[in-house]
1. Give the carbon-plus-sulfur fraction of the accessible surface of the stretch 104-195 in %, rounded to a whole number; probe 1.4 Å, heavy atoms of protein chains only.
2. Where the centre of each part is set by its Cα atoms, how far does the stretch 9-61 sit from the stretch 80-150, in angstrom?
3. With a 1.4 Å probe and every protein chain kept in, tell me what percent of the accessible surface of the stretch 1-79 is carbon plus sulfur.
4. According to a simple spin-label model (label point 7 Å from Cα along Cα-to-Cβ), what is the distance in nm between V30 and S159?
5. How much length, in nm to one decimal, is gained on full extension between H209 and V20, taken as 0.36 nm per residue of separation minus their Cα-Cα distance?
6. Working out 0.36 nm times the residue gap between A136 and E255, then minus their Cα-Cα distance, what length gain in nm do you get to one decimal?
7. Once the other residues with Cβ under 12 Å from the Cβ of A221 are scored (Lys, Arg +1; Asp, Glu -1), what is the net sum?
8. Placing unit charges on C-beta atoms (Lys and Arg positive, Asp and Glu negative, everything else neutral), compute the dipole magnitude of the stretch 160-258 about its Cα centre in debye, rounded to 20.
Amino acid sequence: MPSKKALVRRPGPRLADGLVTHVEREPVDVGRAVEQWEAYVETLRAHGWETIEVEPADDCPDSVFVEDTVVVFRNVALITRPGAAARRPETAGVEEAVAGLGCSVNWIWEPATLDGGDVLKVGDTLYVGRSGRTDAAGVQQLRAVFEPLGARVVAVPVSKVLHLKSAVTALPDGTVLGHIPRVDRPSLFPGFLSVPEESGAQVVLLGGHKLLMAASAPRTAELLTDLGHEVVTVDIGEFEKLEGSVTCLSVRLRELYA
């Protein structure tokens, strides 16, 4: 049976100091962010996910965005080397967590950089964003780790958003969702559905046809509901101020060996 485990990490007290690159900085209410995070985690649990809380990294403002620290394919975890130097201390706790789950652990080695938010898995295809945080050497190292396991690695340009998964994610049938003004090359994806809101491009697959989305994309939620999906929304407004989304607040582990 597929596993349904999700790594999460509690927001730290310095969350408001998190990095921003493609948006104007806004004040972040840390207390409200913690409430939103707790509701997000509870939503995962309510839909059958076992959540595993990674040791907090309170000195790292962006550590709640746990997805950027690791990429998992089948039972192999690739610990990243984030493109922002300030985020590199975040990986130690995540490495401990995935090792504890029985994953085989690999690493991105310096000077290469790779952020997990730049990796979109669609079946056995890994789309990897060549972004401001992930460089060509990072793409090459990821390819060297996962192609021998049967992955097909496709590098795509990312220049209009922070990470690839800020621009596109995928539905259960493999259709890629994206908000056209934020996607560099929609034609690189074999099936592409344009959505009306930027945050509507980001969905988490909860199982079956259930999709987790941000409450800030009601028109996209209506579109996807009309296409037969069951949409579950959460308010993550404080994290959106830091270019966060529903995808980067957890690492979903669906293919762990029993």
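The values are calculated or read from the model by the stated rules, or taken from the named source; none is laboratory data. Because the structure is a prediction, the values reported are computed rather than measured. All Cβ positions, glycine included, derive from the backbone under ideal geometry; neighbour counts span all protein chains shown. For the accessible areas, the whole protein counts, side chains as well, though only heavy atoms, and no ligand, DNA or RNA atoms are used. Shrake-Rupley method; radii C 1.70, N 1.55, O 1.52, S 1.80 Å.
1. Exposed carbon and sulfur together represent 53 percent of the surface.
2. After rounding, the separation between the Cα centres reads 21 Å.
3. 49
4. 3.8
5. Separation in residues times 0.36 nm, less the Cα-Cα distance, equals 64.8 nm.
6. Length gained, A136 through E255: 40.1 nm.
7. -3
8. I would put it at about 280 debye.
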